[in-house]
Structure formats: C-alpha cells, structure tokens
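Read through the structure below, which is laid out as structure tokens, and then see the notes.
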Amino acid sequence: MRRSNVTALRPVAPPAVDRALPGARGAERLIGLGFRYWVSGYKSGDIDRWEDAWRIYAQALGPNAARTAVSELSAWVRAVSAAARREIEVCAGDCDGFCRDESLALSMIAACQHNTCPAMRACAFALIESSLIDEVVHHAESFAVTMRGLDQVLSPGLIVNAAAYAAASQDAAMRQ
C-alpha cells in the first residue's frame with residue numbers, strides 16, 4: 001500500500017447520492033463511512049483512507065474496541081470486493097450522502113442486526129450482483145454482531161428494498 005497526496009486517485013464525481021449524511025449519527029455514520037473509506041482504500045491503494053476509517057472508529061469506540069470493529073469491517077469489505085462482479089462504488093470521502101452501494105451495505109448490516117435474513121441476502125445479491133453471496137453474508141453477520149456488541153445498532157428503517165436497487169442498476173446498464 002502507499003500513501004498518496006494525489007487527488008486523482010479519489011473519485012472525481014461521486015455516484016448518485018441516495019441518503020443524506022449530515023443527519024447520520026452514531027452507528028449509521030460509523031458503519032457507512034467505514035465502508036466508504038475501506039472500499040476507497042482498496043480501490044486506490046491509498047492507506048490514508050484506511051487510516052480515516054481507523055480514526056473515526058477509534059474516536060467513537062476507543063482504540064481497543066476499534067481494533068476489533070475495524071478488523072471485522074476489513075474482512076467484510078474484502079469479501080464484498082472479492083465477490084463483486086463489478087467495481088463497488090462509493091462517494092468521495094467528503095461527500096454529503098450515501099450512494100447506492102453504500103446504502104445497500106448499510107442495509108445489509110441493519111438487516112443482520114434486526115434478524116431479517118431475506119432482506120440481508122437480497123441486499124448482498126444487489127450489492128455484488130452475484131449469487132455467490134455466502135462469504136459476504138458470513139462476514140456481514142460477523143461485523144453486524146461485533147457492532148451490536150459495541151452498542152452500534154442501525155435503525156431498521158435503513159433496510160431498503162434491494163429488488164428496487166437491483167432493478168435500477170439493470171435499467172441503468174441497459175441504457176448504456
């Protein structure tokens with residue numbers, strides 16, 4: 001991995017934003033930004049993004065709890081990245097909202113935390129656009145349990161209709 005001060009490695013135009021970040025607090029902010037920064041680090045090879053994730057987790061949870069949470073976050077994002085049939089999209093670090101993929105990721109963890117397995121599996125499928133979701137689901141569940149154990153529970157209102165997200169993605173692909 002490398003450090004980079006080159007902004008060209010970061011997304012220039014963020015994907016369409018679905019959810020507002022300014023109102024995001026607590027678990028939603030932590031999990032959403034953690035996913036964003038970790039995916040950005042994988043895509044760019046810039047460890048500064050991973051350090052951004054570490055910083056917000058350590059600030060919110062303390063260094064010991066953050067170590068466990070970030071380890072689970074890393075395993076989940078690695079599984080998502082490995083299983084995805086396309087590049088996972090995230091907004092730039094300072095973007096004011098969550099894009100489609102970030103919303104699906106948040107929804108996956110919310111569904112895990114609220115034991116809504118069909119919704120969680122549907123979100124996993126919509127996110128990675130592959131039926132090979134078992135590894136992704138396993139790591140999402142581990143991360144969700146870890147975050148719940150740290151009193152970082154997402155609202156069930158974050159669970160989205162993954163079928164609508166998948167259909168929108170297919171429609172967009174067909175128009176191109």
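Laboratory data are not the source of any read-out in this text; all were calculated from the coordinates shown. Not measured: the values here are computed from a predicted model. Quick reminder, even Gly has a Cβ in these numbers, built from the backbone with ideal geometry, and neighbours come from all protein chains shown.
For the reader, a short list of remarks on this structure follows.
- Separation of alpha-carbon centers, the range 103-126 and the range 18-92, rounded to whole Å: 17
- All other residues whose Cβ lies under 11 angstrom from that of Asn115 are scored, Lys and Arg at +1 and Asp and Glu at -1, for a net of 0.
- Surrounding net charge for Ile133, when Lys and Arg each add one and Asp and Glu each subtract one, Cβ distance under 14 Å: -2
- As a proxy for reagent exposure, ranking Asp94, Asp101, Asp134 by other Cβ atoms within 10 Å from fewest up yields Asp94, Asp134, Asp101.
- Over the range 21-111, the reciprocal of the mean inverse Cα-Cα separation, the Kirkwood hydrodynamic radius, stands at 13.1 Å.
- Taken over the range 23-175, the percentage of Cα pairs per 5 Å bin, counting from 0 up to the bin with the maximum distance, is 2, 11, 21, 25, 22, 14, 5, 1, 0, 0.
- Under 5 Å, built H, 5+ apart or other chain: amide partners of Cys99: Asp18, Cys91
- Listed by Cβ neighbour count within 10 Å, with the fewest neighbours leading, Trp76, Trp50 appear as Trp50, Trp76.
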